[in-house]
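Comments concern the structure below.
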């Protein structure tokens, strides 16, 4: 998993949202979010900007 994808996954989990809910909130498809979280794709600048607190996250809530 890429660093940015890991951060996004942490933020999504902190907000108790599934991929579909979170993707809709930041304006991307669920499939795109899945690829980002797995490290297979990088988010667009607009998706990154739309993701709250991208630089801070609690990594203890994500199972590796």
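Among 3, 14, 37, a tally of other beta-carbon atoms within 10 Å of each Cβ gives an order, fewest to most, of 3, 14, 37.
Among 9, 24, the order by Cβ neighbours within 10 angstrom, fewest to most, reads 24, 9. Taking the fewest neighbouring Cβ atoms within 10 Å as the starting point, the ordered list for 36, 8, 28 is 28, 8, 36.
Classification of the stretch 3-58 by its C-alpha gyration tensor yields a rounded form. The axis ratio a/c (a ≥ b ≥ c) stays under 1.5.
Every number here is computed from the coordinates shown, using simple stated rules; none is lab data. Bear in mind that the values here come from a model prediction, so they are computed numbers and not experimental data. So basically every Cβ, Gly included, is an ideal-geometry build from the backbone, and we count neighbours across all protein chains shown.
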